[in-house]
Each structure stands twice: as structure tokens, then as C-alpha cells.
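Below: the structure, in C-alpha cells.
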Amino acid sequence: MADVPAYERPTNMMFQSYALFPHMTVEKNVAFGLEQDHVPKLDIADRVHDILKLVELEDFKKRKPKQLSGGQRQRVALARALVKRPKLLLLDEPLAALDKKLRKQTQFELANIQDKVGVTFIVVTHDQEEAMTLSSRMAVMDAGRFKQIGTPTEIYEFPESRFVADFIGSANIFEGRVTEDGADHVRVETEFCEVYIDHGHSVKAGSKIWVALRPEKIRLEKSDTIAEGANQTAAVIDDVGYLGETSIYKVRLPNGEIFDVTQPNQSRPTHAAQRLTWEDKVNISWDPSSAMLLHS
């Protein structure tokens, strides 16, 4: 498309600021692009009605942007971008102006609309959770270069580098040395425990490797005894963050390293003794499939 003028390309864009015309109604905002393209009036009316119905704003067509909520303005901007039926829609931080709760709700609405209209969306976002919710394929970039491209599951569960593991979600990343490289397992020696991984990996015994563990993959158990064996170690809770549905624990390992551990609050504690808190001695452990090996 390099030789095609921008205004003739079959693409459209939804701006981060939405850029709605404040003096126009919802209906006029959505119809603007079609009018510029000299689409017949009857066709404009039909297409505007259909797209407003899709984004559930047909009852708001006579309102102006200042009479709408943030989420409604976001849907007007999306309708205006989609009504021209582009082959490709570019979205620049489309949900950045919404509060957290509305943003989560709108992520699924946006994905459902994309599925219905069948238009390819390219979304730029700095919100990792938003990227994984919206996308079927995502790319992680650093300094203008692609670090990894894949499905959200591939990027999160099978990162190819420390940068990707740390950028998408949270990860505890630590160094180790490969002591055993089998066809169906790998053993890694670290400063605080042995790590056993129950699948093969292209590494050589004796080589240095990086290991990553997601906080939600780690189990936490209050205990005064010292943990022994692979994939477990003793720790002390340094800090606690209560988030309602989950709690985040900062635990200090025997070598002084700090791990993040995320635990779902599945049951309501009936008394204080059941709660994990500062300075509690704990054991942390994880399954053999949970650790991720990273070469760089």
C-alpha cells in the first residue's frame, strides 16, 4: 500500500482521545465518514442504524458526546471507525480513557464486536492484560524490534527471553546451572534449591540458564520446618498486599532473594490465626511443569 495515498487505503483508525465532533450528534458523528465518501443518503441511514445497533447505542443517536459516559463515547468512536467497513482497523490505546472496571468490561465487548464484523484489528496498548484479552495473536516489542510473536497463551506460558517473561505478567526470574539434561526432564541447581522440570529442553549439562516462575504457580504454606527436595524452599513473608480476590506476598528466600507469590482468597478466614502475615515462616513449592527455562 506504500504507493496508495493514505485517504484511499481501506483502513481506518480509532484514536486514543476518540476525537468526536462535539457539535454533532452520535448519529452525525458516525455518518461523517460516509458523507465524505458521498455514499447515498439511504445507504448512510441503513449503515449508521446497523452499526449503532451493534454497539448498543441506537437509543442515544440524538445525543451529543458531552451527554455520554466514557464507555459510550468509546463505542461511538468505534462505530464511526467501523461504519466505513475497512479491511483493517488501527486502534491506539482504545480503552486508556476508561476506569479499570469499565475497561475490563469493554475489553470483552470490543472482542465480541470484532468477531461479529470480521475486521482485522491492530491494537497498540501498554496494558498487558488488555493485550491478552483482546488478541488472538500478539507481538512484544522492545526498542522497535519484535521479541516474540504468538498467541497470548504462547507468550505468557512459553516466553523465549527474560524480557518477554518479565514484560508480560509478573515473573520471578533467577539464575541456575544445569546439572542434568534428560530427554524428558531437566535438573537445575540454584542458590536456594534444586529445580526439576518434567519436560526436555535443548540445554547442556553445566551450562548457565535462567529460570522463571509465575507468582500464581507457586504454592505457599505456613511451616516452621525447613523444606527439602526439588522445587521447594523455606521462606519468610516480608510484605503482604491484599487485593480482595487475591493476595500478593513478598517472600524472602534463604539467599536473600525476594519472590512474588500470588494466592487466590478462595475461603474467608474466620480468625486472625488463619491469615498469613508479616514475618511468618513458610514453605514455597511448585509443580515440575511450572518452571520456564530461558536462554537469554
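Summary table below
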quantity: Amide hydrogen neighbours beyond the local backbone of Ser223, cut-off 5 Å, H modeled; calculated: Lys281, Val282, Asn283
quantity: Modelled FRET efficiency - R0 41 Å, Met13 with Ser170, Cβ distances, 0.05 increments; calculated: 0.80
quantity: Set of the stretch 115-149 residues, backbone N closer than 20 Å to the point 7 Å along the Cα-Cβ line of Lys53; calculated: 115-119
quantity: Degrees between helix 26-36 axis and first principal axis of the chain (Cα, 0 to 90, nearest 10); calculated: 70 degrees
quantity: Cβ-based exposure ranking for Ser135, Ser202, Ser223, in which fewest neighbours within 10 Å come first; calculated: Ser202, Ser223, Ser135
quantity: Degrees between helix 41-54 axis and first principal axis of the chain (Cα, 0 to 90, nearest 10); calculated: 30 degrees
quantity: Under 12 Å, Cβ to Cβ, from Lys28 - net charge with Lys/Arg +1 and Asp/Glu -1; calculated: +3
quantity: Charge tally in the Cβ shell below 15 Å around Gln266, where Lys, Arg are +1 and Asp, Glu are -1, Gln266 excluded; calculated: 0
quantity: Computed over the stretch 98-161: relative contact order in percent, which uses C-alpha pairs under 8 Å that are six or more apart; calculated: 21 percent
quantity: Computed lengthening from Glu189 to Ser136, 0.36 nm per intervening residue step minus Cα-Cα distance; calculated: 15.4 nm
quantity: Distance between modelled label sites at Glu257 and Val124, nm, 7 Å Cα→Cβ extension; calculated: 3.7 nm
quantity: Relative contact order (percent, whole number), the chain, Cα cutoff 8 Å, 6+ residue spacing; calculated: 13 percent
quantity: Residue-averaged 222 nm ellipticity for the chain, from DSSP H runs of 4+ at -39500 (n - 2.57), nearest 500; calculated: -7500 deg cm²/dmol
quantity: Within the stretch 93-197, GluC sites (Glu not before Pro) in DSSP loop having at most 16 other beta-carbon neighbours inside 10 Å; calculated: Glu191
quantity: Listed residues Arg268, Arg145, Arg137, most fluctuating in the chain (Gaussian network, C-alpha, under 10 Å); calculated: Arg268
quantity: Formal net charge of residues neighbouring Ala2 (Cβ-Cβ distance under 13 Å; K, R +1; D, E -1); calculated: -1
quantity: J(HN,Hα) series, the stretch 185-198, from Karplus relation 6.51 cos²θ - 1.76 cosθ + 1.60, nearest Hz, glycine and proline x; calculated: 6, 9, 10, 10, 9, 10, 5, 10, 5, 8, 9, 10, 10, 8
quantity: Principal-axis tilt of helix 100-117 within the chain, Cα atoms, nearest 10 degrees; calculated: 60 degrees
quantity: FRET efficiency for Ser223 and Leu102, using Cβ-Cβ distance with R0 set to 51 Å, rounded to 0.05; calculated: 0.75
quantity: Restraint check, Lys104/Lys208; Lys28/Lys87; Lys53/Lys147, Cα-Cα greater than 30 Å; calculated: Lys104/Lys208; Lys53/Lys147
quantity: For the stretch 71-175, size of Cβ-based charge dipole, Lys and Arg +1, Asp and Glu -1, in debye; calculated: 760 debye
quantity: Length-normalised contact order of the stretch 171-296 in % [C-alpha pairs under 8 Å, at least 6 apart]; calculated: 29 percent
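Read-outs throughout are calculated quantities, based only on the coordinates presented, and are distinct from any laboratory measurement. Keep in mind that this is a model prediction, so the values were computed, not measured. Every residue, glycine as well, gets a Cβ built from its backbone with ideal geometry; the counts of neighbours run over all protein chains shown.
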